Amino acid sequence: MLEAKYKKIKHAIKSKILEGLINPHEKISSESELMKKFSVSRHTVRLAIGELVNEGWLYREQGAGTFCADRANIESNKRTNKTQKNIAIVTTFISEYIFPSIIRGAESYLSENGYHVSIFNTHNEYEKERQILTTLLTGNYDGVIIEPTNSASANPNLNYYLQLENMNKPFVMINAVYDELEPISFMLDDVQGGFLQTEHLIQLGHQNIVCMHKTDDSQGQKRLKGYIKAHRKYNVPIDPKNIVTYNTLDEMTKPVEELEKILSRKINCPTGLVGYNDQLILNVMQIIRDKDLSVPKDISVVGYDDSPLAELSEVKFTSVKHPKSQLGLDAAKAIVKMVENQQPGKIIDIKSITYVPELNIRQSTSNFKSGLIIS
């Protein structure tokens, strides 16, 4: 019981430091205040504080109290005195879809340059992101390549990113950004990508086009913006019922259910569909077949990311190209440059890269009037 109580105090103090709520050299609460707050004995409080002092989180001044240590200097000394450099790669997912290609692109360059690589994934959940950021702040990591979690929403973990900056641990972002932080980033122009998907179908004569986009990530919001932008450019009216949005939690169910309803219309049935990614297109292909519809004769479909999934179905589908390995490589080069040029006052010339999307046209789209496959 005593162990659980003093660990609770330790965790609370460390969390406040990591969130930036207690600054370096700021005095922490007195023993009496901590005793009252946690309903514990003085011995329990002293046990918790003693361990935090020994671990370098706090320091004592005789007659003045206990203060927050300057973790930035401590971590800097650790990194100066060690021979192995470590980079963390954090993505929303690891082993599926385009993420292995991105990770391979980064990992190969980092390994060739003598860096040890640790890989984490958040599953697009804030709590897991917070846990990982805590690990990065307290561990011996020199830099971070990170993909934002739920990037379309206000992030509750921004304090942890600011602490990475305070502790001189550089990071770059991939696929999306937290705009508040204005980080160096590497991502596709998703507005233009969504525009290209839709423009392709409009130019083939399609006027009734469904779009399905995941909107808890900023990529999906931008791709939806591109869909709307293309309709406006070509003066094609949008049926609001053709816009389907979903999030990470219902991505395996809602798009399928909604498309089934849309394709059951007696009139005004769509002839085109653009999807958030290739995984979504693959998921809904079965619904299209169940409705006795043929791709592309009855409905043309366009995916996104040009992943290996685009060639798994019987009809290879058109998709927007994602830089994948090149993006990972460019992010790795940037983080190495940032880590190896951290001298005070030195200006590092590193620029973000926004990749220009292109369509890889395959068999899943055809001219609306003739049914001719465009290849």
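The values are calculated or read from the model by the stated rules, or taken from the named source; none is laboratory data. This structure is a prediction, so every number in the text was calculated from the model and none was measured. Neighbour counts are summed over all protein chains in view; Cβ atoms, including those assigned to glycine, are modelled from backbone coordinates with ideal geometry.
Just a few scattered comments:
- Qualifying residue in region 102-113 (condition: more than 24 Å from His322 (Cα to Cα), among the small types (Gly, Ala, Ser) and not assigned by TED's automatic domain parsing to the domain that holds Leu58): no
- Residue match in region 339-353 (condition: assigned to a strand (DSSP E or B), touching a Phe, Trp or Tyr at 6+ places or on another chain (Cβ under 9 Å) and closer than 26 Å to Phe195 by Cβ): yes
- With respect to (1) surrounded by fewer than 21 Cβ atoms within 10 Å (Cβ to Cβ); (2) touching a helix residue (DSSP H, G or I) at 6+ places or on another chain (Cβ under 7 Å); (3) charged (D, E, K, R), the lone exception for Arg232 is condition (2).
- Considering (1) under 22 Å from His213 (Cβ atoms); (2) at pLDDT below 95, the lone condition that Thr365 does not fulfil carries the number (2).
- Given (1) surrounded by 20 or more Cβ atoms within 10 Å (Cβ to Cβ); (2) in the same structural domain as Pro170 (by TED's automatic domain parsing); (3) β-branched (Val, Ile, Thr), index of the condition Val302 fails: (2)
- Checked against the criteria, Asp298 does not count as farther than 20 Å from Thr198 by Cα, among the acidic types (Asp, Glu) and in a loop (DSSP other than H, G, I, E, B).
- One residue from Ser111, Ser101 being at pLDDT below 95, in contact with a helix residue (DSSP H, G or I) (Cβ under 8 Å, 6 or more places away or on another chain) and small (Gly, Ala, Ser): Ser101
- Close pairs from region 56-76: first within 14 Å of Leu137 (Cβ to Cβ) and assigned by TED's automatic domain parsing to the domain that holds Glu19, partner modelled with pLDDT under 80 and crowded, with 18+ Cβ neighbours inside 10 Å, Cβ under 8 Å, at least 6 apart: Gly56/Arg71; Trp57/Arg71
- For region 115-150, filtering for residues that are under 19 Å from Tyr97 (Cα atoms), crowded, with 17+ Cβ neighbours inside 10 Å and without any contact (Cβ under 8 Å) to a residue 40 or more places away in the chain leaves 3.
- Residue within region 81-89 that is in contact (Cβ under 8 Å) with a residue 24 or more places away in the chain, surrounded by fewer than 16 Cβ atoms within 10 Å (Cβ to Cβ), closer than 26 Å to Leu52 by Cα and charged (D, E, K, R) present: yes
- Among the helices (runs of 4 or more DSSP H) confined to region 137-233, there are none with at least 2 residues that are outside the structural domain of Thr318 (by TED's automatic domain parsing), β-branched (Val, Ile, Thr) and within 30 Å of Lys14 (Cα to Cα).
- Top-ranked residue in region 271-293 [being at pLDDT below 95 and assigned to a loop (DSSP other than H, G, I, E, B); ranked as nearest to Gly193 (Cα to Cα)]: Leu293
- Yes/no for Gly328 being more than 20 Å from Asn113 (Cα to Cα), of a type outside the set (A, V, I, L, M) and not in a loop (DSSP other than H, G, I, E, B): no
- For region 54-68, the condition of being within 19 Å of Val339 (Cα to Cα), among the charged types (D, E, K, R) and either buried (at least 18 other Cβ atoms within 10 Å of the Cβ) or at pLDDT 85 or above (or both) holds for none of the residues.
- Only one entry of Ser76, Ser15, Ser32 meets the criterion of being at pLDDT below 90, within 25 Å of Tyr115 (Cβ to Cβ) and not aliphatic (A, V, I, L, M), and that entry is Ser76.
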